[in-house]
Amino acid sequence: MPDTTPASSSPLTHFDAQGQAHMVDVSAKASTHRVAVAEGHITMEPATLALIQSGNAKKGDVLGIARIAGIQGAKRTSDLIPLCHPIALTRVAVEFEVNASNHSVLCRATAECTGQTGVEMEALTACSVALLTIYDMCKAVDRGMTVSGLRVLEKRGGKSGHFVAEPSGQRHQDVNDVGVSDA
């Protein structure tokens, strides 16, 4: 018979009282509007960035294809991360900012749903997949590209409230929104 003992007092919710991995039971949680924003960037040679900007890459519109890949990645998060719940996403947006001065592309992904669990993993996965797609599409001309800085910028909704990351290189803060129900 499976053990139904409640999870231990560990802050790591994906482990039961015996320390075994399990999917968190969210059935008692209220459905709320949830939003997460994540970012990451890919740094490359100046010529690679110029190729992306020109739209003349051999495989096509790099950023357009990476955007679709990121959206698709968000939708498949629970297939990739073993203990993630499948989530009915209501919106996924993937945006890029080209930074010519440091030869990089910043990816920012936003995931939204109305549900019982958050969408941080979906936003992070969207960013990761989009950046990996840029790498894949440009690796023939630049194998030295570096993907880095993947992080959650903001999370809203749910019991834990509102989280906003501090500027890069610093730690985070939790924001208590006055008048917002996070149940």
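The values are calculated or read from the model by the stated rules, or taken from the named source; none is laboratory data. Everything numeric in this text was worked out from a predicted model, so none of it was measured. A quick note on method: Cβ atoms are made from the backbone with ideal geometry, for glycine too, and the neighbour counts reach across all protein chains shown. Quick note on the areas: whole protein, heavy atoms, side chains included, nothing else; ligands and nucleic acids left out. Shrake-Rupley method; radii C 1.70, N 1.55, O 1.52, S 1.80 Å.
For the chain, the membrane-span-like helix rule (DSSP H, alpha carbon extent of at least 18 Å along the helix axis, mean Kyte-Doolittle at least -1.0) picks out 62-75, 120-138; this says nothing about an actual membrane. Sorting 148-161, 38-51 by their mean Cβ neighbour count within 10 Å, with the most densely packed peptide first, gives 38-51, 148-161. Accessible surface area normalised per residue over the chain is 58 Å², counting heavy atoms of protein chains with a 1.4 Å rolling probe.
Dipole magnitude for the chain: computed about the Cα centre from +1 point charges on Lys and Arg Cβ and -1 point charges on Asp and Glu Cβ, it is near 360 debye.
Take each peptide in 102-114, 75-87, 125-137, count the other Cβ atoms within 10 Å of every residue, and average; sorted highest first, the result is 125-137, 102-114, 75-87. Using the Cβ-Cβ distance between MET23 and ARG76 with R0 = 25 Å, the FRET efficiency computed as 1/(1 + (r/R0)^6) comes to roughly 0.90. So, with a 1.4 angstrom probe, what is the percent of accessible area on the chain that is carbon and sulfur? Carbon and sulfur atoms account for 55 percent of the accessible area of the chain. Per-residue ellipticity at 222 nm, computed for the chain from helices alone with -39500 (n - 2.57) per DSSP H run of at least four residues, works out to -7500 deg cm²/dmol.
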